[in-house]
Amino acid sequence: MVLIAVFGAALLVAVLLSGLAARTVLSTSLLFLASGALVGDGFLGLVHLTPNSEIVSVTADLALFSVLFTDGMHVSLPKLRANWKNPARALGLGMPLAFLFTGVAAHFLAGLDWTTSFLVGAVLAPTDPVFASAIVGRSEVPAKLRQLLNVESGINDGLALPVVLVLIAVCGPTAGNVDAAPGPIAFELLLGLVLGVALPLIVSGLVRFRLLGAEPKLQPLLPLATGIIIYAACHLTHANPYLAAFSAGAVLAHVSPEAKAFFEPLGEAMAELAKFAALLVFGALLTPWLFGDLSLGGYAAVILAIVLIRPASLLLSLLGTRISRREKLVAAWFGPKGFASVVYGLLVLQSGIAQAKEAFTLIAVCIAFSIIAHSSTDVPIARAFDVEHLAGVPAGDGDDEAAPMKATPTAGGIGRL
């Protein structure tokens, strides 16, 4: 109950300061992270959490799923088909380079063995747009840049998971709760994609029946119900929930722009709540002892991963593209480590491999530093793209390419989902 009270208080402060935060380097994400750290065992000791606590994995899992579900709705499939090369470069070249270079840094600087070092690289390879929301969520920011970051971060979580599981298996005997055989991994990914595509299409077919339909005040709950069913189905069948969430959001927005428009305010609010809850819980794990357990070489590896390895890897992958230099630099900087890395880091810790604790410490510190660095720089960088109303004031009309596709809800119903 103490954790709930702290969450409510932090949420109230975040809402009251959100206007100021949207115009300055003040970060609401950082507020929840700091609040969790303050009430955790490292300081006031009001909340007692360990990485093995169920609430830690559950909140991170829910937050990642909800964020990817809403992020998927921002993807325009026709535009993605026309502009797939940049995200493909980031995923096919930039992500593997970041994975390899982070592994090398973890080995030589943090002293981990080679396999565990590359495991750390795989865990930290996925990026998260949550901590760059002023970039991804603003129509004034060039569409190519928003699409690049959104698609990359939405898909790379699912791509990293097989590598993480295989490397855990290669590291040696595990605690028995990680299935890393290639066959099951491929099946989980494929099943996640199938569920994410099929269920919105099935619901779309149901809506076409004359006798079925939602009254206006309940229309936002139809996409929500779809997302809940997908989440439960993925965990019951062991399908990949993150790939399912992103693909479901994209399909839903494609087959029914009206459904997206009805759900968007509710979905964004729920994703924010899930994000804040996960940050609060993760913050409670950030004790002084955790930071003290990391060597100076480990800190050097963390700094390199954030300020050099990710930027250099993405810049190399974007060589020869038509993206402007400024957009390339922004895309290169915004590679924050987020909820996918938290979830995968917990998998590493719970696997029971030889250097699990050392690997998790490095991962946790890197995530914390990344949240601080990226969530406090998104607004200033977004303002460089002439984003002047970041406090909830409707943005002005941009050019046709940058403006997001929005459908206007009608009183008659959702139509097609």
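The values are calculated or read from the model by the stated rules, or taken from the named source; none is laboratory data. Remember, predicted model here, so these are calculated numbers, not experimental data. So basically every Cβ, Gly included, is an ideal-geometry build from the backbone, and we count neighbours across all protein chains shown. Accessible surface is based on the protein model in full, side chains and every heavy atom, while ligands, DNA and RNA are left aside. Shrake-Rupley method; radii C 1.70, N 1.55, O 1.52, S 1.80 Å.
Values of log10 I(q)/I(0) for the range 280-365 across q = 0.21 Å⁻¹ run -1.02, by the Debye formula with one identical scatterer at each alpha carbon and no solvent.
Note on L16 and V2: their simple-model spin labels are 2.3 nm apart, each label 7 Å out from Cα toward Cβ.
With respect to the cross-link table entries K144/K260; K85/K260; K144/K337; K85/K357; K85/K337; K328/K357, which display a Cα-Cα separation exceeding 28 Å? Walk me through the numbers on the way to the answer.
On the way: K144/K260 21 Å; K85/K260 26 Å; K144/K337 21 Å; K85/K357 38 Å; K85/K337 23 Å; K328/K357 36 Å.
Beyond 28 Å between Cα atoms: K85/K357; K328/K357.
Quick one: if the Förster radius is 22 Å, what FRET efficiency do E268 and A9 give, using the C-beta to C-beta distance and rounding to 0.05? The partial results should precede the final answer.
On the way: r = 22 Å, r/R0 = 1.01.
About 0.50, to the nearest 0.05.
Peptides 97-106, 321-330 ranked from most to least packed by the mean count of surrounding Cβ atoms within 10 Å: 97-106, 321-330.
Working from label points 7 Å from Cα in the Cα-to-Cβ sense, the F43 to I229 distance is 4.4 nm.
Once you order the gyration tensor axes a ≥ b ≥ c over the Cα atoms, which shape class does the range 1-111 get: rounded for a/c under 1.5, otherwise prolate or oblate by comparing a/b with b/c?
On the way: a/c = 2.12, a/b = 1.40, b/c = 1.52.
Because a/c hits 1.5 or more and a/b fails to exceed b/c, the range 1-111 counts as oblate.
Under the classification rounded if a/c is under 1.5, otherwise prolate if a/b is larger than b/c and oblate if not, where does the range 223-282 fall, given a ≥ b ≥ c as square roots of the Cα gyration tensor eigenvalues? Judged from the Cα gyration tensor, the range 223-282 comes out oblate (a/c at least 1.5, b/c at or above a/b).
Could you give the Stokes-Einstein D for the range 187-302 in µm² per second, using the C-alpha Kirkwood radius, 25 °C, 0.890 mPa s? Display every interim value, and only then the final one.
On the way: Rh = 16.6 Å.
D, rounded to a whole number, is 148 µm²/s.
Other residues whose C-beta falls under 14 angstrom from the C-beta of A244 contribute a net charge of -4, scoring Lys and Arg +1 and Asp and Glu -1.
Take M270, M1 and sort them by solvent-accessible surface of the protein heavy atoms, 1.4 Å probe, largest at the top.
Working: M270 80, M1 175 Å².
Heavy-atom accessible area, descending, gives M1, M270.
Spin-label point model (7 Å from Cα, Cβ direction): what's the L329 to V58 distance in nm? Taking the simple label geometry, L329 and V58 are separated by 4.6 nm.
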